[in-house]
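Trainee: Dumping the structure here so I can ask a few things about it.
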Amino acid sequence: MSEPTNNRDFKGQAWACFFLRMWIGMRLMFAGLTKFLSKNEEGSWIFDQEKAGKVMGSITETMKANTAIPENMLNSYALVLPWALLIVGATVMLGLFTRISLFLAGGLVLSLSLGLMLLPDDTAAVERGVEIIVVGLALMTVKHNTGAVDNLIGLAFSKDDDEENQNI
């Protein structure tokens, strides 16, 4: 008869955290990538910072026309947002500084929600609300975080059982 495993890597909460982290990270990273990616003359995908400027410029113009947010704030936000989406998405997926990364992910989604709520047709804000719920669930399960760089760092700096027994 086999003994039940107490390994936290096989518990449901660990997998829930892992899948939520992957979804949030992919969602943010791909949202950032779509601002940069364009096809060149040969039909290959390239990372194009000019395209990001055009995409964000279009979004900024819509926000200027429909909200009272100051233009300098919109321009600063438009400059930072694509990079923030990429970086935060990658750190969430990797599980690097997981709690902080998830907190920043929630902040990004909340900031997007604010802008969308100020527009006349704010139905996309509801979608961001669902994303906020997903980030909240990930934060609730983060103590069961598995498959993360944080865990590797923890393993590298934790004491071995032999070291702990010598201190007794």
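Trainee: Looking at (1) within 19 Å of HIS144 (Cα to Cα); (2) exposed (fewer than 15 other Cβ atoms within 10 Å of the Cβ), which one does ALA68 not meet, given that it meets all the others?
Mentor: (1)
Trainee: Next up: Part of a helix (DSSP H, G or I) and in contact with a Cys (Cβ under 8 Å, 6 or more places away or on another chain), is that true of THR146? Spell out how you get there, then give the answer.
Mentor: Details: part of a helix (DSSP H, G or I): no; in contact with a Cys (Cβ under 8 Å, 6 or more places away or on another chain): yes.
Taking the combined requirement at face value, the residue does not satisfy it.
Trainee: Might you check whether a residue that is in contact (Cβ under 8 Å) with a residue 12 or more places away in the chain, of a type in the set (A, V, I, L, M) and more than 28 Å from LEU139 (Cα to Cα) occurs anywhere in the stretch 73-92?
Mentor: Yes, there is a match, as at least one residue in the stretch 73-92 is in contact (Cβ under 8 Å) with a residue 12 or more places away in the chain, of a type in the set (A, V, I, L, M) and more than 28 Å from LEU139 (Cα to Cα).
Trainee: For the stretch 117-140, which residues satisfy the criterion of being of a type in the set (Val, Ile, Thr) and under 13 Å from MET22 (Cα atoms)? Please lay out each step first, then the result.
Mentor: So the first thing to find is which residues in the stretch 117-140 are of a type in the set (Val, Ile, Thr), and the list is 123, 126, 130, 132-135.
Listed by number, the residues that qualify are VAL134, VAL135.
Trainee: If you don't mind, there's one more thing I want to ask. Within the stretch 19-44, can you find the residues that are open to solvent by 50 Å² or more (accessible area, probe 1.4 Å) and assigned to a helix (DSSP H, G or I)?
Mentor: PHE19, TRP23, MET26, ARG27, PHE30, THR34
Trainee: Can you pull out the residues in the stretch 119-168 that are at pLDDT 90 or above, within 18 Å of GLY25 (Cβ to Cβ) and open to solvent by less than 40 Å² (accessible area, probe 1.4 Å)?
Mentor: Selection gives ARG128, GLU131, VAL134, VAL135, GLY136, ALA138, THR141, VAL142.
Trainee: What's the number of the only condition in (1) of a type outside the set (D, E, K, R); (2) open to solvent by 70 Å² or more (accessible area, probe 1.4 Å); (3) within 30 Å of GLY12 (Cβ to Cβ) that VAL109 fails to meet?
Mentor: Against the list (1) of a type outside the set (D, E, K, R); (2) open to solvent by 70 Å² or more (accessible area, probe 1.4 Å); (3) within 30 Å of GLY12 (Cβ to Cβ), VAL109 comes up short only on (2).
The rows are residues; the columns are (1) in a loop (DSSP other than H, G, I, E, B); (2) surrounded by fewer than 18 Cβ atoms within 10 Å (Cβ to Cβ); (3) modelled with pLDDT of 95 or more; (4) in contact with a Ser or Thr (Cβ under 7 Å, 6 or more places away or on another chain).
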site: LYS51; (1), (2), (3), (4): no, yes, no, yes
site: ILE87; (1), (2), (3), (4): no, yes, yes, no
site: ILE100; (1), (2), (3), (4): no, yes, yes, no
site: LEU114; (1), (2), (3), (4): no, yes, no, no
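The values are calculated or read from the model by the stated rules, or taken from the named source; none is laboratory data. As the structure is a computational prediction, the values presented were derived from the model and not from experiment. A quick note on method: Cβ atoms are made from the backbone with ideal geometry, for glycine too, and the neighbour counts reach across all protein chains shown. Ligands, DNA and RNA are stripped out before the accessible areas are found, and what is left, the full protein with its side chains, is counted by its heavy atoms. Shrake-Rupley method; radii C 1.70, N 1.55, O 1.52, S 1.80 Å.
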